[in-house]
Structure formats: structure tokens, C-alpha cells
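My structure is below; once you've seen it, I'll send some questions.
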Amino acid sequence: MRAFRNFIFRELIFATILGLIAFILFQTLLKEYYLPVFWILFGIITVFTAVFHYSVLRVSEKETSKFTSKFMMVSGIKMIIYLVIIVYYAFSFPEKTRIFLISFFILYLLYTVFEVLSTVLHLKKK
């Protein structure tokens, strides 16, 4: 599937740039807010974005009439998984929850914008 290979390539570039920016910020301006779990969170969101985008691409190729409902279902599943991660971390490390939530929200927002733009570009090409 060519569209998925293109997405993975763009996502790797995006993740590399984002990782470098995060590394620089956490070494300088945001040193006191660094959480070692950030890189695990970064990896989880990167992998989930790729996996769920693959399922969206498969649906767009097979059943275009059901694309919207399938896209919403995939987004809902992804949100539930993310919610489980957030709740687990919040109960396990309550003193660091605020920093974790801010980091999570920023990563989620950036990756969601990236994924939606990629999906829209793919659908326009079709």
C-alpha cells in the first residue's frame, strides 16, 4: 500500500523533527519539567497514529460509503486507549500528573493535526 508507505515516511520525518525540538527544549528551557516517561509516551502516540492511520486507509479503499462512521469508530477507540493511559499514569504518579497531561495534550494535538491533514490529502488524491 503506497499511501501507507508515504505516510510512514512523512511520520518518521515529523517524529524526528518533533523529537529534536523536544530534546532541545527539555535540555534548556524546560529542564525542570522533563519526565523520563515522555519518550515512552512519544513512542506510543507515534505507533498508535501509524496503526490507526493504516486502518483508516484500508477503510477508505474498501468502503467509501462507510468511511465517516469507521473513521469515527477508529478515533473513538484511540481516545479510549489514550484515556486508559492517562488515568493509569494519573493514579500511579499523582504528583507528576500535570506535567504529563500537558505533554500528552501537546503530542496528541500535534499528531492529530498531522494525521487529519494526511487523511484529507489522501482522500483528495482519490
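The values are calculated or read from the model by the stated rules, or taken from the named source; none is laboratory data. Values in this document were obtained by computation on a predicted structure and should not be read as measured data. Backbone-built Cβ (ideal geometry, glycine too); neighbour counts: all protein chains shown.
What is the residue count in the range 24-42 for residues that are within 28 Å of Tyr88 (Cβ to Cβ) and free of Cβ contacts under 8 Å to residues at least 60 places away in the same chain?
10
Can you confirm whether the range 6-23 contains a residue that is without any contact (Cβ under 8 Å) to a residue 60 or more places away in the chain, under 17 Å from Leu123 (Cα atoms) and not acidic (Asp, Glu)?
Yes, the conditions are met somewhere in the range 6-23.
On to the next question. What are the pairs with Cβ atoms under 7 angstrom where one residue, in the range 43-55, is free of Cβ contacts under 8 Å to residues at least 40 places away in the same chain and the other, located anywhere, is not basic (Lys, Arg)? Sequence gap at least six, or different chains.
Correct list of pairs: Phe48/Ile81; Ser55/Val74.
Residues checked against (1) in contact with a Lys or Arg (Cβ under 6 Å, 6 or more places away or on another chain); (2) surrounded by 11 or more Cβ atoms within 10 Å (Cβ to Cβ):
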| residue | (1), (2) |
| --- | --- |
| Ala3 | no, yes |
| Asn6 | no, yes |
| Ala15 | no, yes |
| Lys31 | no, no |
| Phe42 | no, yes |
| Phe52 | yes, yes |
| Ser60 | no, yes |
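From Ile86, Ile80, which residue is exposed (fewer than 11 other Cβ atoms within 10 Å of the Cβ), among the hydrophobic types (A, V, I, L, M, F, W, C) and part of a helix (DSSP H, G or I)?
When all the criteria are applied, what remains is Ile80.
Just give me the residues in the range 96-126 being surrounded by fewer than 11 Cβ atoms within 10 Å (Cβ to Cβ) and within 15 Å of Met79 (Cα to Cα), in sequence order.
Selection gives Leu109, Val113.
Give me the residue from the range 63-77 that is closer than 14 Å to Leu123 by Cα and exposed (fewer than 11 other Cβ atoms within 10 Å of the Cβ) and, out of that set, farthest from the chain's Cα centre (by Cα).
Among those residues, the one meeting the criterion is Ser65.
How about the range 53-104: which of its residues are in contact with an Asp or Glu (Cβ under 9 Å, 6 or more places away or on another chain) and of a type outside the set (Val, Ile, Thr)?
Selection gives His53, Lys70.
To continue, here is another question. Filter the range 48-71 down to residues that are more than 30 Å from Tyr34 (Cβ to Cβ) and either modelled with pLDDT of 90 or more or among the aromatic types (Phe, Trp, Tyr) (or both), then give me how many there are.
3
Determine which member of the set Leu18, Leu35, Leu12, Leu41 is outside any helix (DSSP H, G or I) and hydrophobic (A, V, I, L, M, F, W, C).
Leu35
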